[in-house]
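> To start, I am sharing the structure in question, which I have written as structure tokens.
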Amino acid sequence: MGKVNLIIDGKEIQAEQGDTILQAARRHNHYIPILCDHPALPPEGACRICLVEIEGQRALHPSCTYPVTEGMVVETNTERVRAARKFNLELLISDHPLDCMTCEATGNCLLQDLAYEYEVKEDVFHGTRHHFSVNDPNPFIQVDRNKCILCRRCVRACREINGVEAISVFYRGFNAYIGFGADSSMDNSPCEFCGSCVEVCPTGALWPKLSLGQGRSWEVEKVQTTCPYCGVGCQLVLEVKDNKIIKVDSAWEGPSNHGWTCVKGRFGYDFIQHADRLDKPRVRKYLLDGKQKPAASKRDHEKEGNPWQWVEVDWEVALGITAEKMNQTRDTYGADSMGFLTSAKCLNEENYLMNKLTRQVIGTNSIDHCARL
């Protein structure tokens, strides 16, 4: 594609033909405020916060949808532009809860940041407000339509990133709101709970239920890691407070997921600090004592000294008993009496070693790999 020359705030720049003004500004690290726009989503032009002044044009135009042209002269920070942006912010805040001090998104809310930048200090338009109930029975995402600004980021993320159209805008004008499926709850819609809608929401309208009340954005340490659930290698950003994971975001620069993740990657982490999680290997007492398997009728796991009781041991003891019993089984019943399952949660190197153990050490070809383990 060809190049286009234009001027933004007195600076001559080059843009790709077909770029919007906002895209051209981004390429040259030129700040234009946004609410509904997101680099990973197609432009919508819903919020009118990115308005700019174009030489020769009477009206202000949204930079996220207006294409660049040769010789275009753009002003992004004139008094007229700032006044229009502030007016649009005041309209949004006139139907928005003013509970920033207790909102989960405070410190990580684009609307809050822009209200600070444009000195929107109070509700100047008094009138009817929405009062939606905050009650969606799904297990993962809190839906608070009172905080929704109808930017449609969630609608586009569901459609463009996850390929599912579970989220839509219902009705029009003041009666419009975000809904799911056939205007039902999220768990009665085609939603797969990938959480892409939560990832792109600029306010606190969509928030992970596991993260409610766990900490503020400035209290967390962000740690990038690789999701352990399968072999795709999705990059995740863990929000950690007091050595506890309180929220999981996806990494937009991840080469395999590009900001997307599945329900397991985003919400399947509460087991880490669960009180019932096993953090040490356990073996039956009769195995630890080197005795034969007792009769099943004598099981009493809670009774002290019972041969079926689970006893915590270190890994050396547990692996030693496992190896001994595997050898006994092979020698008694033959190698093909045993089978092995490995998992996509394991590293390639670990799966390779399991394959070697199965075929070369035990001497059987009975090994399978299932990504659901």
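Every number here is computed from the coordinates shown, using simple stated rules; none is lab data. What you see is a predicted model, and the numbers here were worked out from it, not measured in a lab. Using ideal geometry, Cβ is built from the backbone for each residue, glycine included, and neighbour counts are taken over all protein chains shown.
> List, in the order given, every pair from 293/325; 285/325; 147/241; 222/247; 121/209; 209/280 whose Cα-Cα distance in the structure shown is over 18 Å. Intermediate values should be presented prior to the final figure.
Details: 293/325 12 Å; 285/325 15 Å; 147/241 25 Å; 222/247 10 Å; 121/209 30 Å; 209/280 29 Å.
Over 18 Å Cα-Cα: 147/241; 121/209; 209/280.
> Can you work out ³J(HN,Hα) from phi for every residue in the stretch 211-218, in order, using Karplus 6.51 cos²θ - 1.76 cosθ + 1.60 and θ = phi - 60°, giving whole Hz and x for Gly and Pro?
Working through the residues one at a time gives 9, 4, x, 8, x, 8, 4, 7 Hz.
> So for the stretch 3-91, considering every pair of alpha-carbon atoms, how many percent are separated by more than 19 Å? Please report the intermediate quantities before stating the final value.
On the way: 1256 of 3916 pairs.
When every Cα pair of the stretch 3-91 is considered, 32 percent fall beyond 19 Å.
> Another question about this same structure. Spelling out what I want: for every residue of the stretch 322-327, take phi, set θ = phi - 60°, compute 6.51 cos²θ - 1.76 cosθ + 1.60 (Karplus), and round to whole Hz; glycine and proline get x.
4, 4, 4, 5, 5, 5
> Shifting gears a bit: Enter the angle in degrees (range 0 to 90, nearest 10) between the Cα long axis of helix 79-93 and the first principal axis of the Cα atoms of the chain, meaning the one along which they spread out most.
Once rounded, the angle reads 50 degrees.
> Would you mind checking which residues have amide H under 5 Å from residue 52's amide H? H placed 1.01 Å from N; only 5 or more apart, or other chain.
HN-HN under 5 Å from residue 52: 61, 63.
> Place a +1 charge on the Cβ of each Lys and Arg in the stretch 165-318 and a -1 charge on the Cβ of each Asp and Glu, then give the dipole magnitude about the Cα centre in debye, rounded to the nearest 20. If you can, show how the numbers build up before the last one.
On the way: 19 positive and 21 negative charges, 106 e Å.
Its charge dipole is roughly 500 debye.
> When the helices in the chain are scored as -39500 (n - 2.57) per DSSP H run of 4 or longer and the sum is shared across all residues, what 222 nm value do you end up with, to the nearest 500 deg cm²/dmol? Could the numbers behind the result be given before it?
On the way: 9 runs with 76 residues, N = 373.
So the helix-based figure for the chain works out to -5500 deg cm²/dmol.
> Could you tell me which residue out of 40, 142, 328 lies farthest along the dipole of the chain toward its positive end? Charges go on the beta carbon: Lys and Arg +1, Asp and Glu -1, centred on the Cα centre.
Going by the charge dipole, the pick is 328.
> Follow-up. Count charges around residue 53 for me, please; just the other residues with Cβ under 14 Å from its Cβ, Lys/Arg as +1, Asp/Glu as -1.
Numbers: positive: 48, 58, 80, 82, 85; negative: 9, 55, 75, 79.
So the environment of residue 53 carries a net charge of +1.
> Nothing charged except the Cβ atoms of Lys and Arg (+1) and of Asp and Glu (-1): what's the magnitude of the dipole of the chain about its Cα centre? Round to the nearest 20 debye. Kindly include the intermediate steps, with their values, before the conclusion.
Numbers: 43 positive and 50 negative charges, 201 e Å.
Result for the chain is approximately 960 debye, rounded to the nearest 20.
> For 198, 73, 4, what ranking results if the residue with the fewest other Cβ atoms within 10 Å of its Cβ goes first? Present the calculation step by step, with values, prior to reporting the outcome.
Details: 198 25, 73 15, 4 19.
By the 10 Å Cβ count, ascending: 73, 4, 198.
> So, one more: Output the relative contact order of the chain, whole-number percent, from Cα pairs under 8 angstrom with separation of 6+ residues. Please list the in-between numbers first.
Details: 623 pairs, mean separation 35.8, N = 373.
With pairs under 8 Å counted, the relative contact order is 10 percent.
> Per q in 0.12, 0.19 1/Å, what log10 I(q)/I(0) does a Debye calculation on the alpha-carbon atoms of the stretch 282-370 return?
Debye intensities relative to I(0), on a log10 scale: -0.50, -0.98.
> Ok, one more. What is the diffusion coefficient of the chain in µm²/s, taking the Kirkwood radius over Cα pairs and the Stokes-Einstein relation at 10 °C with a viscosity of 1.306 mPa s? It would help to have the intermediate numbers written out before the result.
Values: Rh = 25.2 Å.
So the translational diffusion coefficient is about 63 µm²/s.
> Follow-up. Report ³J(HN,Hα) in whole Hz for each residue of the stretch 143-158, in order, from the Karplus equation J = 6.51 cos²θ - 1.76 cosθ + 1.60 where θ = phi - 60°; Gly and Pro get x.
The phi angles translate into 10, 10, 5, 4, 9, 6, 10, 6, 6, 6, 4, 5, 4, 6, 5, 4 Hz.
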